[in-house]
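For reference, the structure discussed in these notes is given below.
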Amino acid sequence: MGQMAAKQELAGLGTSSEVVRQVFDSQDLISLQTRQLWFVRCSFVGADLRQATLDRCSFKLCDLRGANLRGASLRGTHLAGCDLRDADLRDVDLTDAQFGWVNTGRPPWGLTDLTGADLAGATTTRLCVDRVVGWPPPTIGTPTRGRR
């Protein structure tokens with residue numbers, strides 16, 4: 001699926017549609033707007049999701065390593081068992097969002113990993129964090145200067 005096709009298809013999905021095992025690695029999904037989608041085992045490695053509106057979406061066991069979500073809106077979003085290592089989450093709105101885990105049947109379970117993620121300037125009002133590796137990140141709530 002091409003980049004424009006992927007962006008248009010995701011934007012056109014109805015509320016609560018499920019997206020399973022799709023790969024969006026390194027794709028340009030800037031300013032994507034979705035309707036409470038359910039992503040299961042999807043890959044967004046290195047994807048550009050700057051300024052995307054992903055409010056009330058659910059991500060379960062998804063790979064978002066190195067994804068650029070700067071300035072995105074993730075209000076009320078649930079991320080469970082997701083890999084967000086080295087993701088750019090600067091200036092992201094995480095109001096009412098949840099970072100959690102998935103019971104995979106054996107330890108260490110499906111833990112969300114925020115190791116190396118940059119959350120400078122992120123809005124974390126009522127953010128719920130449960131069993132997350134790399135929390136709290138060293139950059140949370142601190143301004144980032146000179147980095148674009």
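The calculated 222 nm mean residue ellipticity attributable to helices in the chain amounts to -2000 deg cm²/dmol, summing -39500 (n - 2.57) over DSSP H runs of n ≥ 4 and dividing by all residues.
Ordered by the count of other Cβ atoms within 10 Å of each Cβ, fewest first, Asp63, Asp96, Asp118 give Asp96, Asp63, Asp118.
Computed on the Cα trace of the chain, the radius of gyration divided by the Kirkwood hydrodynamic radius gives Rg/Rh = 0.94.
What the phi angles of the range 35-46 give under the Karplus curve with 6.51, -1.76 and 1.60, with θ = phi - 60°, is a coupling list of 10, 6, 6, 10, 9, 10, 6, 8, 10, 10, 4, x Hz, glycine and proline written as x.
We did not get these values from a lab; they are worked out from the coordinates using the rules stated. Since the structure is predicted, the reported quantities are computational estimates derived from the model, not experimental observations. Cβ coordinates were reconstructed from backbone atoms using ideal geometry, including for glycine residues, and neighbour counts include every protein chain displayed.
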